[in-house]
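The values are calculated or read from the model by the stated rules, or taken from the named source; none is laboratory data. Owing to the predicted nature of the structure, the values given are computational and were not obtained by experimental measurement. Glycine gets a Cβ as well: all are built from the backbone with ideal geometry, and neighbour counts include every protein chain shown. Heavy atoms of the whole protein, side chains included, go into the accessibility calculation; ligands, DNA and RNA do not. Shrake-Rupley method; radii C 1.70, N 1.55, O 1.52, S 1.80 Å.
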Amino acid sequence: MQEANHTGHSQFLLLGLSEDPEVQSILFGLFLSMYLVKVLGNLLIILATTCAFHLHTPMYLFLCNLSFVDIGFISITVPKMLVNIQEQNKDIYYMECLAQAYSFMTFFGVDDFLLTLKAYDRFVAICHPLKYTLIMNPQLCGHLVLMSWFIILCVDLIHILLLMELTFSTGTEISHFFCELPQVLKVARSDTLINIIFLNVVTVLLGLFPVSGIIFSYFQIASSLMKMSSLASRYKAFSTCGSHLCVVSLFYGTALGVYLSYAMNYSSHQSSVASVMYTVVTPMFNPFIYSLSTLRESLFLLSTFAVSSGDQGNGLYDLLVSSVWIRVQA
């Protein structure tokens with residue numbers, strides 16, 4: 001094969017999940033359905049959190065950003081795969097492949113950081129309810145979100161700059177349904193040692209620090225729950241974390257499975273199937289998980305606030321709960 005440097009006219013071939021026409025027809029319908037469900041669900045969450053004034057809180061700010069990231073997460077991979085199946089065309093331009101890899105890594109990294117911020121939000125809400133509005137003020141939350149985007153954009157830009165220094169053969173075949181960085185590095189014709197080292201270092205750092213933050217937050221939450229005398233209060237407080245814990249488990253569980261599949265040199269087909277879990281299937285459940293717990297979390301946080309503030313807070317608690325139920329009944 002002829003070797004070529006990176007140019008806008010060079011093409012890769014995305015082999016996808018299957019070359020069987022019958023299987024491709026099934027995959028087309030399945031992925032199109034999951035894509036529409038996920039985009040519609042997240043758009044509804046964004047619409048609800050932006051239009052409802054009483055949802056303009058840190059918890060829902062992070063949730064709104066998560067929904068936006070989830071839409072981007074799936075929109076940069078699935079539509080291209082659907083077009084390739086429909087047109088029976090596996091081509092993807094080199095620059096398009098780089099853009100897809102960069103966007104995917106960015107949304108993945110921001111998703112990672114936002115899950116950590118939501119864990120911190122739960123920690124402050126349960127462990128320091130009286131200081132919640134003071135600590136989680138709009139300025140701090142906005143800066144945290146912007147900082148997450150800035151860090152990930154800069155780190156992923158280095159990935160792409162290093163990738164542009166590599167040489168690929170004309171018509172290189174990628175055994176995947178999108179341009180995932182580890183798969184692209186596998187088909188490079190030049191030395192990828194620096195790329196692999198940087199990828200592993202970033203993966204460890206951006207995985208270790210957020211996971212450590214989540215573990216620390218829930219350790220503190222567990223300690224606070226143990227100090228509560230009422231079993232019902234413990235259950236109510238912990239229930240506000242249920243949706244987040246579920247999403248975190250799905251996100252990191254599937255991502256870890258993909259990372260291990262690469263580390264253990266599993267076949268490209270097995271790695272592609274594993275990637276489907278955390279790029280398509282897992283994010284599809286997020287809108288349902290968060291939507292079902294939204295009202296319950298609001299009521300439980302009010303209950304936690306009342307328990308922490310003691311008898312003096314009972315009047316305020318009753319007023320707030322009444323206000324919530326008035327909105328619900330309206």
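Things worth noting here:
- Selection from the range 151-201 of residues that are part of a helix (DSSP H, G or I), open to solvent by 20 Å² or more (accessible area, probe 1.4 Å) and β-branched (V, I, T): I151, V155, I158, I194, I196, I197, V201
- Test: D111 is of a type in the set (D, E, K, R), at pLDDT below 90 and touching a Pro at 6+ places or on another chain (Cβ under 9 Å): no
- Of the residues making up the range 132-183, those that are within 15 Å of Q11 (Cα to Cα) and hydroxyl-bearing (S, T, Y) are T167, S169, T170, T172, S175.
- Residue match in the range 208-223 (condition: farther than 26 Å from N286 by Cα, open to solvent by less than 70 Å² (accessible area, probe 1.4 Å) and either of a type in the set (A, V, I, L, M) or part of a helix (DSSP H, G or I) (or both)): yes
- Where helices (runs of 4 or more DSSP H) fall wholly inside the range 14-121, the ranges with 3 or more residues that are exposed (fewer than 14 other Cβ atoms within 10 Å of the Cβ) and without any contact (Cβ under 8 Å) to a residue 12 or more places away in the chain are 21-51.
- Residue match in the range 311-318 (condition: at pLDDT below 50, hydrophobic (A, V, I, L, M, F, W, C), part of a helix (DSSP H, G or I) and surrounded by fewer than 18 Cβ atoms within 10 Å (Cβ to Cβ)): yes
- Complete set of residues in the range 125-150 that are within 20 Å of S239 (Cβ to Cβ) and surrounded by 19 or more Cβ atoms within 10 Å (Cβ to Cβ): A125, I126, C127, P129, Y132, M136
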